[in-house]
Amino acid sequence: MGEFRMRRAYDAPEEADGARVLVDRLWPRGLSKEHADLTEWAKQVAPSDELRKWYAHDPAKKDEFARRYRAELDDPERAEVVRHLRELAGKQPVTLLTATKEIEESHLPVLRRRLLG
């Protein structure tokens, strides 16, 4: 299985990033496309707007958020993007990017577990 890293989209690109994939539904505020240095933008695997707004990064909702997000990732369109990211990671490391300040409270750990599983 490939390597999946997690970083903020605002962090400067590093050589070890490999493929840089933004996995947020919305473009990060104030981030230029040049600074982002993305390989691709996979907004299809981001949590739905409804789920994102419901969660609001409330630690008390984290487990339920993870359960609901995993169910969303079973959607055929999202599952296809998950397969694509796994294939990409077979060729090089993949860095999952988000604008969220607290990565561990974001959807990235849930997505990373799915990609590794």
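Any idea which of LEU111, LEU96, LEU85 is surrounded by 13 or more Cβ atoms within 10 Å (Cβ to Cβ), in contact with a Leu (Cβ under 7 Å, 6 or more places away or on another chain) and not in a helix (DSSP H, G or I)? Break it down stepwise before answering.
Details: LEU111 fails: not in a helix (DSSP H, G or I); LEU85 fails: not in a helix (DSSP H, G or I).
Of LEU111, LEU96, LEU85, the one residue that is surrounded by 13 or more Cβ atoms within 10 Å (Cβ to Cβ), in contact with a Leu (Cβ under 7 Å, 6 or more places away or on another chain) and not in a helix (DSSP H, G or I) is LEU96.
Condition test on GLU72, is it without any contact (Cβ under 8 Å) to a residue 40 or more places away in the chain, loosely packed, with under 14 Cβ neighbours inside 10 Å and assigned to a helix (DSSP H, G or I)? Quick ask: steps written out before the conclusion?
Details: without any contact (Cβ under 8 Å) to a residue 40 or more places away in the chain: yes; loosely packed, with under 14 Cβ neighbours inside 10 Å: no; assigned to a helix (DSSP H, G or I): yes.
The answer is no for GLU72.
Across the range 5-51, what is the number of residues that are among the aromatic types (Phe, Trp, Tyr), more than 10 Å from the chain's Cα centre (by Cα) and outside any loop (DSSP other than H, G, I, E, B)? Talk me through it step by step, then tell me what you get.
Residues of the range 5-51 that are among the aromatic types (Phe, Trp, Tyr), as a first pass: 10, 27, 41.
If we keep only those that are more than 10 Å from the chain's Cα centre (by Cα) too, we end up with 10, 27.
Right, trim to outside any loop (DSSP other than H, G, I, E, B) and you get none.
Residues flagged as among the aromatic types (Phe, Trp, Tyr), more than 10 Å from the chain's Cα centre (by Cα) and outside any loop (DSSP other than H, G, I, E, B) within the range 5-51 amount to 0.
Exactly one condition in (1) assigned to a loop (DSSP other than H, G, I, E, B); (2) of a type outside the set (Ser, Thr, Tyr); (3) touching a Leu at 6+ places or on another chain (Cβ under 9 Å) is not met by LYS91; state its number.
Of (1) assigned to a loop (DSSP other than H, G, I, E, B); (2) of a type outside the set (Ser, Thr, Tyr); (3) touching a Leu at 6+ places or on another chain (Cβ under 9 Å), only one is false for LYS91: (3).
Listed here are the residues, each with its yes/no results for (1) of a type outside the set (Phe, Trp, Tyr); (2) touching a residue at least 60 places away in the same chain (Cβ under 8 Å); (3) farther than 19 Å from LEU96 by Cα.
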{"position": "ARG25", "(1), (2), (3)": "yes, no, no"}
{"position": "LEU38", "(1), (2), (3)": "yes, no, no"}
{"position": "PHE65", "(1), (2), (3)": "no, no, no"}
{"position": "ARG68", "(1), (2), (3)": "yes, no, yes"}
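Report yes if some residue within the range 41-60 is hydroxyl-bearing (Ser, Thr, Tyr) and either under 18 Å from MET6 (Cα atoms) or exposed (fewer than 13 other Cβ atoms within 10 Å of the Cβ) (or both); otherwise report no.
no
Residue by residue, here is whether (1) out of contact with any strand residue (DSSP E or B) (no Cβ under 9 Å at 6 or more places or on another chain); (2) among the aliphatic types (A, V, I, L, M); (3) within 21 Å of ALA9 (Cβ to Cβ) holds:
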{"site": "ASP24", "(1), (2), (3)": "no, no, yes"}
{"site": "GLY30", "(1), (2), (3)": "yes, no, yes"}
{"site": "LYS33", "(1), (2), (3)": "yes, no, yes"}
{"site": "GLU50", "(1), (2), (3)": "yes, no, no"}
{"site": "TRP54", "(1), (2), (3)": "yes, no, no"}
{"site": "PRO59", "(1), (2), (3)": "yes, no, no"}
{"site": "ARG70", "(1), (2), (3)": "yes, no, no"}
{"site": "ASP74", "(1), (2), (3)": "yes, no, no"}
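Read-outs throughout are calculated quantities, based only on the coordinates presented, and are distinct from any laboratory measurement. Being a predicted model, the structure only gives us computed values, none of them experimental. Note that each Cβ is placed from the backbone with ideal geometry, even for glycine, and that neighbours are counted across all protein chains shown.
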